[in-house]
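Right, one structure below, let's go through it.
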Amino acid sequence: MGAFVIALAMEKWNLYWRIAITIIAAIGTNMDRIVLGFMVATGFLSMWISNTATAMMMIPIGLAIINQVADALKDDA
């Protein structure tokens, strides 16, 4: 239940978008590095909260990363 509340709070304040942009800015748009950044962010969050809560929080972050990369690829084409 707490994981849902945390995920909803992240969506309300657009924290997931800030995290996604920070990950992409730090590692670039190479697909292998994006996966690495996603894994590092998940591991970092998992150190302090349960794995279920981490998974719930990473869903909007993952979707934001996918949208950001898709927009970057459209701009390049």
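Against the conditions (1) closer than 21 Å to MET1 by Cβ; (2) touching a Phe, Trp or Tyr at 6+ places or on another chain (Cβ under 6 Å), ALA64 satisfies every one except (1).
For first residues located in region 25-48 and in contact (Cβ under 8 Å) with a residue 40 or more places away in the chain, partners that are aliphatic (A, V, I, L, M) and lie 6+ apart or on another chain with Cβ distances below 7 Å form the pairs THR29/VAL69; THR29/ALA72.
On inspection, ASP76 does not qualify as of a type in the set (Asp, Glu), out of contact with any Asp or Glu (no Cβ under 9 Å at 6 or more places or on another chain) and either closer than 19 Å to GLY2 by Cα or at pLDDT 85 or above (or both). Residues in region 8-24 that are in a helix (DSSP H, G or I) and either of a type in the set (D, E, K, R) or exposed (fewer than 11 other Cβ atoms within 10 Å of the Cβ) (or both): GLU11, LYS12, ARG18.
The set of residues in region 29-49 being surrounded by 12 or more Cβ atoms within 10 Å (Cβ to Cβ) and either small (Gly, Ala, Ser) or assigned to a helix (DSSP H, G or I) (or both) consists of ARG33, ILE34, VAL35, LEU36, GLY37, PHE38, VAL40, ALA41, THR42, LEU45, SER46. When region 54-77 is filtered for residues that are more than 16 Å from ASN30 (Cβ to Cβ) and surrounded by 19 or more Cβ atoms within 10 Å (Cβ to Cβ), the ones remaining, listed by number, are THR54, MET56, MET57, MET58, PRO60, ILE61, ALA64.
The values are calculated or read from the model by the stated rules, or taken from the named source; none is laboratory data. Please read all numbers here as calculations on a predicted model, not as lab measurements. We place every Cβ from the backbone using ideal geometry, glycine too, and count neighbours over all the protein chains shown.
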